[in-house]
Amino acid sequence: MVKRPDPLESIPPALTEEAARQILREGFGVESSSLQPLAGERDQNFRVDTAGGQRFLLKISNPADDAPILAMQAAALLHIERVDPGLPVMRTLPTAAGECWLDVPGPEGRNYPARLFTFLPGRATPNTALTTEAFWSHGQTTARLGRALRGFFHPAADYEILWNLTQLPRVRPLLPHVSDDRLRAQAERVIDRFESRVAPVLPGLRAQVIHGDMSLDNVLFDDDLAVSGIVDFGDMTHAPLVCDLAVAIADVLHGRDDAIAVADAIIGGYVSVTPLEDEEAGLLADLVAGRLATEVIITAWRGGLYPDNTAYAASGEPGCRAFLDAIEAMGIDAVGRRFRDACRRLPYQRSDTAALLERRRRALPRSPLFYSEPVHLVRGEGVWLFDPDDRRYLDCYNNVAVAGHSHPRVVQAVTQQERLLATHSRYLHEAIVELAERLKATLPPELDAVMVVNSGSEANDLAWRIARAATGRAGAVVTACAYHGLTEATHALSPEEWASGEKPAHVATIPAPDGYRGQYRREDEGWVQRYAAHIDDATRTLGDRGLAAVYLDPAFTADGILSPPSAYLREVAQRAVALGGLVVADEVQAGHGRCGTSLWSFQASGITPDMVVMGKPMGNGFPVAAVVVKSELLEAIPEQVELFSTFGGNPVACAAALAVLTVIEDEGLLASAASVGSYLRQGLLALAARHSLIGDVRGQGLLVGVELVDEARRPATGKARQVTEAMRKRGILLSATGPAGNVLKIRPPLVFQPEHADLLLEALDEVLASS
């Protein structure tokens with residue numbers, strides 16, 4: 001950046017009206033009938049009226065604006081006129097000699113550049129008089145101007161001026177000029193945060209020549225409060241594009257009590273023309289605070305330099321203080337989230353919770369909700385979920401967002417592919433092939449055929465179809481409280497969902513390997529083998545149907561989150577094979593790295609299932625699922641019978657699934673799940689030592705069960721619901737599971753960290769102490 005005299009440090013011009021008339025007459029050939037001085041921070045401005053009814057703007061510029069700067073501004077105005085002629089910007093009028101400006105002598109013996117511009121219609125309007133539509137218009141115009149300047153370049157665009165937001169650290173030495181101790185400390189905190197959080201990121205943002213000063217001094221409105229004029233390009237410089245929006249928010253809204261809320265309208269208008277990238281949106285609040293701090297500091301400094309101009313320069317300072325106070329009161333991070341939401345143009349941000357609940361009950365009468373007071377959510381980020389009032393909830397339950405809510409790499413993969421192609425898998429496309437190859441590479445080599453569908457229920461349904469065809473049998477064995485889906489076929493395989501007395505004749509149940517409460521305890525020798533032996537008795541009850549398949553969730557999530565030794569799965573698999581049945585490993589809840597030891601929870605046992613089913617977490621919120629099967633099993637299904645799902649394996653779904661696999665690998669989420677899960681279980685065991693309500697803590701990785709018991713160590717039925725409700729009030733989302741519904745189900749996204757575990761443990765400690 002070229003070092004030039006900063007116009008803020010140069011004495012502003014102060015020519016007489018007579019001198020201005022002479023400049024107009026001799027330099028531009030304009031005879032003025034009246035001159036009206038206009039306010040300006042560092043330039044001198046006059047409204048010029050002629051006897052013929054013409055009106056112009058005469059600008060006597062600060063001498064720090066040298067020839068290259070003036071040439072850049074003139075070239076920029078011409079560029080804007082060519083690119084977007086509808087933008088209401090000034091037009092430069094030539095001097096009598098045909099130049100863009102002329103140098104005129106001042107009273108101090110210095111020369112000042114003088115320029116003449118068209119005078120734009122409209123008026124300067126206080127922000128208290130502007131409507132939501134007017135703020136939207138302002139934001140939209142700011143974006144249009146930025147877009148018009150997108151292809152503009154000039155060698156003088158590296159203009160170094162303290163108002164450039166990227167120069168905020170250079171303002172720090174001026175802090176002593178702020179006499180108010182509290183305000184000075186506040187501004188210093190803004191600079192500290194800017195240097196640590198914002199400055200390192202700025203070089204990677206989109207940058208171009210920007211206006212840099214879309215304040216209400218420089219933007220005119222017509223009688224309908226639409227933007228009618230943009231004046232004063234004196235702060236134009238090369239900077240990150242988002243700085244233009246930040247300056248507009250700070251300068252237009254300071255002084256309004258509702259500045260943070262009204263910012264939504266300016267942001268909405270801006271992103272309707274130029275959407276912001278997530279990184280830009282995430283810095284917007286810091287940039288706004290930086291602009292406000294800049295104005296406070298520079299105003300205090302210039303008040304000492306030029307006391308005659310103090311009234312104009314300091315006019316916005318109280319409003320800046322108020323805006324800074326509002327940001328600090330809400331919290332800069334909370335403001336940042338709000339601004340980022342506005343940038344994303346969340347369509348359902350402001351819907352009323354009570355009204356929405358009533359609408360849902362009418363439209364979706366059989367659609368269940370968690371909690372007695374349902375949680376109304378509008379967005380998610382990492383391990384957090386947010387309601388319309390920006391209250392955040394720690395998600396310790398959601399298995400879908402395995403890589404964290406709204407993971408940017410998954411979002412980007414889905415968005416990019418959606419823009420290119422979203423169709424079904426009957427057309428040749430690389431994404432589904434790559435996904436199949438990558439899934440196979442994570443599994444034993446015998447599992448060599450992949451079928452991609454839409455949901456875990458559909459995948460388990462397809463697995464059941466294959467099992468019956470491959471074995472010629474029609475019976476299934478599942479654990480006593482299992483859940484495997486909601487289709488007609490998989491509902492039959494889900495005792496957790498059966499109504500009273502409902503038990504399909506073709507399904508037999510076996511007790512889950514519960515070593516804490518079941519008929520065989522962990523301390524009993526051979527307890528897992530004794531549990532596994534139940535499959536023999538269960539198969540006999542199937543009679544002539546025979547055993548087609550045993551379905552197992554290796555973590556027994558619906559059965560209360562059980563973690564039997566690996567010997568259990570090995571024993572069950574051996575007995576199933578001996579009985580002529582297949583083994584289906586349902587990894588919908590326990591897969592994709594949740595166990596912390598491998599990508600699939602069955603792998604620790606060393607078995608090779610006949611089929612592996614994947615679902616919920618596979619697309620991190622995008623519907624996609626799969627069955628991976630031994631290819632020889634498919635031979636039992638005639639070739640003319642198509643195993644096809646219209647949307648299963650579409651390119652967008654596959655892009656999401658591939659991104660999830662990449663994130664798990666690149667971000668080390670397997671190892672993280674193991675270490676954080678261990679940390680969490682240790683913390684829960686410490687709580688168990690203090691609270692008799694906790695009878696058992698079990699699980700692997702980031703799938704943990706906490707069994708609640710009464711004084712007699714019986715299932716504390718009902719207590720788990722009370723605990724989850726109380727945790728919800730503290731901003732922690734949990735669920736309950738198990739045959740008696742007394743096991744707290746802790747299943748957070750794999751990006752869950754020790755600090756999040758601490759929040760969970762602290763809240764649970766408080767809830768249990770009051771239970």
Helix-only [θ] at 222 nm, the chain, -39500 (n - 2.57) per DSSP H run of 4+, per residue, nearest 500, equals -12000 deg cm²/dmol
Carbon/sulfur accessible area of the stretch 641-726, % of total, 1.4 Å probe, equals 53
For the stretch 565-711, shape from the Cα gyration tensor axes a ≥ b ≥ c, cut at a/c of 1.5 then a/b versus b/c, turns out oblate
Taking 558-565, 610-617, 26-33 and ranking on average Cβ neighbours within 10 Å, highest first, one gets 610-617, 558-565, 26-33
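Can you tell me the order of 744-753, 446-455, 416-425 when each peptide is scored by its average per-residue count of other Cβ atoms within 10 angstrom, highest first? Could the numbers behind the result be given before it?
On the way: 744-753: 24.8, 446-455: 20.4, 416-425: 13.9.
Ranked from most to least packed, the peptides come out as 744-753, 446-455, 416-425.
Ordered by packing density, taken as the mean number of other Cβ atoms within 10 Å over each peptide's residues, highest first, how do 656-665, 502-511 rank? Show your work: numbers first, answer last.
On the way: 656-665: 21.8, 502-511: 16.6.
Top to bottom by mean Cβ count within 10 Å: 656-665, 502-511.
For the stretch 387-490, what class follows from the C-alpha gyration tensor (a ≥ b ≥ c being the square roots of its eigenvalues): rounded when a/c is under 1.5, otherwise prolate if a/b is larger than b/c, else oblate? Don't skip to the end; give the middle numbers.
On the way: a/c = 2.22, a/b = 1.28, b/c = 1.73.
Judged from the Cα gyration tensor, the stretch 387-490 comes out oblate (a/c at least 1.5, b/c at or above a/b).
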Taking the alpha-carbon centre of each part, the distance from the stretch 176-242 to the stretch 522-544 in Å is 71
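With the full set of protein chains in place, find how many percent of the accessible area of the stretch 130-172 is carbon and sulfur; take the probe as 1.4 Å. Let's see the in-between values first.
Working: 860 of 1580 Å².
Carbon and sulfur together cover 54 percent of it.
Using a 1.4 angstrom probe, figure out how much accessible area the stretch 129-272 has per residue, in square angstrom, rounded to the nearest whole.
Working: 4990 Å² over 144 residues.
Normalised by residue count, the accessible surface of the stretch 129-272 is 35 Å².
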Between the Cα axis of helix 278-305 and the main Cα principal axis of the chain, the angle (0 to 90°, nearest 10) is 30
The percentage of the accessible area of the stretch 464-556 (probe 1.4 Å, all protein chains present) made up of carbon and sulfur atoms, to the nearest whole number, is 45
The farthest towards the positive end of the charge dipole of the stretch 270-422, of the residues Leu324, Gly304, Gln417, given +1 on Cβ of Lys and Arg and -1 on Cβ of Asp and Glu, is Gln417
From the Cα centre of the stretch 710-749 to that of the stretch 623-678, the distance in Å is 31
Taking the alpha-carbon centre of each part, the distance from the stretch 552-581 to the stretch 315-341 in Å is 56
Toy charge model, Lys and Arg Cβ at +1, Asp and Glu Cβ at -1: the chain dipole around Cα centroid in debye, rounded to 20, equals 1440
For the chain, the longest principal axis of the Cα atoms and the Cα long axis of helix 430-441 enclose an angle in degrees, to the nearest 10, of 50
Of the residues Gly560, Thr128, Ala293, the Cα lying farthest along the dipole of the chain towards its positive end, which is defined by charges on the beta carbon of Lys, Arg, Asp and Glu, belongs to Gly560
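I'd like to check one number: the per residue accessible area of the stretch 631-719, probe 1.4 Å, reported in Å² as a whole number. Walk me through the intermediate numbers first.
On the way: 3930 Å² over 89 residues.
For the stretch 631-719, the solvent-accessible area averages 44 Å² per residue.
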Between the residues Val628, Met614, Thr597, the Cα farthest towards the positive end of the dipole of the stretch 566-668, that dipole coming from +1 and -1 charges on the beta-carbon of Lys, Arg, Asp and Glu, is from Thr597
Measuring from its Cα centre, the stretch 430-484 shows a charge dipole (+1 at each Lys and Arg Cβ, -1 at each Asp and Glu Cβ) which, in debye to the nearest 20, is 320
For Thr737, Thr118, the accessible-area ranking with a 1.4 Å probe, largest leading, is Thr118, Thr737
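Please give me, ordered by residue number, the trypsin sites (Lys or Arg not before Pro) of the stretch 473-548 that lie in loop per DSSP and have at most 14 other Cβ atoms within 10 Å.
Values: sites: Arg473, Arg517, Arg521, Arg522, Arg530, Arg540, Arg545; in loops: Arg473, Arg517, Arg521, Arg522.
Listed in order of number, the matching sites are Arg521.
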In debye to the nearest 20, the charge dipole size for the stretch 608-761, taken about the Cα centre with +1 at each Lys and Arg Cβ and -1 at each Asp and Glu Cβ, equals 1000
Computed over the chain: longest principal axis from alpha-carbon atoms vs helix 317-330 long axis, angle to nearest 10 degrees, is 0
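The values are calculated or read from the model by the stated rules, or taken from the named source; none is laboratory data. As the structure is a prediction and not an experimental result, all values here were calculated from the model. Because the Cβ atoms are built from the backbone with ideal geometry, glycine has one as well, and the counts that use them run over all protein chains shown. The protein model used for the area step is the full one, side chains on, heavy atoms only, and it has no ligands, DNA or RNA in it. Shrake-Rupley method; radii C 1.70, N 1.55, O 1.52, S 1.80 Å.
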